[in-house]
Amino acid sequence: MTMDMEILQDFLPEATELLQKAQGEALTLENNPDDANAIASLFRAFHTLKGGAGFLEATAMVDWCHHLEDLLDKVRNKSLRITPEMVDIILKGIDVIQGMLGALQAGDYPTIGPESLGKMIQEMASGQPLVGASAPSETPDVAVTSAPVRHPSLNVSDALYIEHRSREDGSDGIYLQQQSVDSACPVGNGEDIITEDEFEQYLDQLYGPGQKPGDWPATSLKLPITEENTVAPRTVQDQIKPVPTMSKAAAQQDSPPEVAETTLRVDALRLDAVMNQVGELVLLRNRLASAVGGLSEENEDMARIAREMDLTVNDIQNTVMRLRMQPCKRLFQQLPRVVRDVSRQLGKEVKLEIVGEDVEIDKAVVDALAGPMTHLVRNSLDHGVESPEERAAAGKARTANLRVAAIHLGDKVRIEVSDDGKGIDRQFVTQKAIDKGVITAEQAVRLSEQEALELIFRPGFSTKDQATDLSGRGVGMDVVKETARKLRGRLDLQTRLGQGTSIAMEFPLTLAVLPVLYLRLRRDIYALPVSAIDSLTDMEAHRIHRLAGRVTYRVDDTQIVPLVDLGAILQDKPMRMDSESVEGVLTERGLFIVSEVLGNEDSVVKPIDFLADQNWYQGATISGKGGVVLILDAGALGAAASLAAEGTVE
């Protein structure tokens, strides 16, 4: 059996979105089991997934979705009510469908899901009606009998039917019609008890084919007149106006105009190709501007062309950048499920707050951060948040607060995960790092408070002695740091003992174009990302000090930072302040010493494949003058300076 790849390519992204939405609706129902909109949305999701799987002839997935659809149909019809156990079953069913989608993506037909879980879903769908459910209403507009009761003024075989319609002025009205009982309402068999087929036919008559009680709005409602709802014909006729027949021209005039589709699915590889071409255009613009600026005689026409080229390329660049932007909601929508499952497993009470779902960021960041965000949340729940008993003993609310936020900061986006837990004990972290061999006791003495905290990002480090399925292997936070580095982001860790911890990641809005600052180090030219730079400063020898075996620089009365001599690291020759001109570039990792700051420019990062994984560069770019320039990694250089014994300034 051959799979239709064209249908598959259209189905997979839609199915993924439906599953993500279904998971969110299921979690909503756990807190609000009577949310009719969420129930209907969840039902539609499984129904749509079943239809798409049917086109692909994925029988196993069709059957699985059908079981969940049956369960939701009973909930939608008020035969069953959402319970926490039912939500658990639905979420497990969603996980099974997710695995089936993975098989389809690999080009294989999915296998049958877990038999025990499928049986549980079917048993739950065939469960007893709710205990204590209210009896059917006896109001006239919902009275149901086994056969219509005729009004005395009607013939034996006739019945009077009421239909709700809108009048010409838009107000509600009632329409009466006399019909034959046999032809109009084929539900009676002359007995007090009707069969299931007769009941289904009666529902079709009441609510329309395929509709169920509770579906709204109902386009038409026809009820036979019974003893309870019979109204004297003369009285009813006085209150009813005939329903006018709308002409075809009028119907066409009142019908809403067709709206053209405004969205288009585009393969991400095509967007990447366009972005790469725009990057090359940016480099050509830089070279053109440099060439025009270097003309021996000023040419007004060339200068004007260069300015117009600059504006046009900027517009194209911004437009293509927006094509790659996606809301952070796609990144955050998996977290409620993570918090729910982990907090249950740990026996902790946690309230999740998500802020900034509409903030947009580059698609590459959204795709890469799914795993690290899960690590951060699990780490906060496992290590940061206390148990309800511990929180009560500390005078805190039993329910902890976990906040996930996306904040737009100019040309950057800041993503934060914060909690009001017990915070991080620096001394405890340092001792654990020594015990596990991550650092030596001598290195621990020279660590600043912030560096001691950042030990949690070291590979192999964990405060747990025994590994569990949640933590203890020392890989989670290392993944967070490595991902941030690859995405040219920066990490910020803040904690207060007994009050909580906040871990933030800052990323550029787009990864396609990188603003850099060009630096001269003696005869060599390097580039440093602008996002890593705090400020520029003039170097003064009397501000250089040695603390705990490390060379530092006193920026002002409140800030002392490590001194990073790029000459010693990159050229194996320390800078000499007494005989060389030097300038300082203040970064998050310390004060970098260079010969001269040249200027900034937009660049396109090209990977360097022939270097080792651990190096001092983020990549390379082509400057406006056409030369290849290495882009420095501020984090790697700062770490190298802290380990280098020769990193001194003479």
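The values are calculated or read from the model by the stated rules, or taken from the named source; none is laboratory data. Owing to the predicted nature of the structure, the values given are computational and were not obtained by experimental measurement. All Cβ positions, glycine included, derive from the backbone under ideal geometry; neighbour counts span all protein chains shown. Remember, those area values only see protein heavy atoms, side chains included, never the ligands or the DNA or RNA. Shrake-Rupley method; radii C 1.70, N 1.55, O 1.52, S 1.80 Å.
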Notebook entry, point to check: Of the residues in segment 598-625, how many are touching a Gly at 6+ places or on another chain (Cβ under 9 Å), assigned to a loop (DSSP other than H, G, I, E, B) and open to solvent by 70 Å² or more (accessible area, probe 1.4 Å)?
Noted result: 2
Item checked: Residue pairs meeting the criteria (Cβ under 7 Å; at least 6 apart or on separate chains; first in the same structural domain as I121 (by the TED database) and more than 14 Å from W64 (Cα to Cα), in segment 19-48; second surrounded by 18 or more Cβ atoms within 10 Å (Cβ to Cβ) and acidic (D, E)) -> A38/E25; S41/E25; L42/E25
Checklist line | Flag if F461 is among the aromatic types (F, W, Y) and at pLDDT 85 or above | finding: no
Next item on the list: Would you check if L352 is out of contact with any Cys (no Cβ under 7 Å at 6 or more places or on another chain), open to solvent by 70 Å² or more (accessible area, probe 1.4 Å) and among the aliphatic types (A, V, I, L, M)?
Entry: no
Note to self: If R378 meets every condition in (1) more than 20 Å from G24 (Cβ to Cβ); (2) open to solvent by 40 Å² or more (accessible area, probe 1.4 Å); (3) touching a Leu at 6+ places or on another chain (Cβ under 8 Å) apart from one, which number is that one?
What the structure shows: (1)
Notebook entry, point to check: Could you list, in sequence order, the residues of segment 397-415 that are basic (K, R) and either buried (at least 19 other Cβ atoms within 10 Å of the Cβ) or at pLDDT below 90 (or both)?
Noted result: K412
Next item on the list: Only strands (runs of 3 or more DSSP E) wholly contained in segment 548-597 count here; list those with 2 or more residues that are open to solvent by 10 Å² or more (accessible area, probe 1.4 Å) and without any contact (Cβ under 8 Å) to a residue 40 or more places away in the chain.
Entry: 550-554, 560-565
Next item on the list: Output the helices (runs of 4 or more DSSP H) that fall wholly within segment 259-343 and possess 3 or more residues being more than 30 Å from V377 (Cβ to Cβ) and under 27 Å from the mean Cα position of the chain (by Cα), or say none.
Entry: 268-293, 300-324
Next item on the list: Would you check if there is a residue in segment 365-376 being among the hydrophobic types (A, V, I, L, M, F, W, C) and in contact with an Asp or Glu (Cβ under 8 Å, 6 or more places away or on another chain)?
Entry: no
Item checked: Single residue of segment 522-547 satisfying the filter (open to solvent by 50 Å² or more (accessible area, probe 1.4 Å) and in a loop (DSSP other than H, G, I, E, B)) that is nearest to I622 (Cα to Cα) -> R523
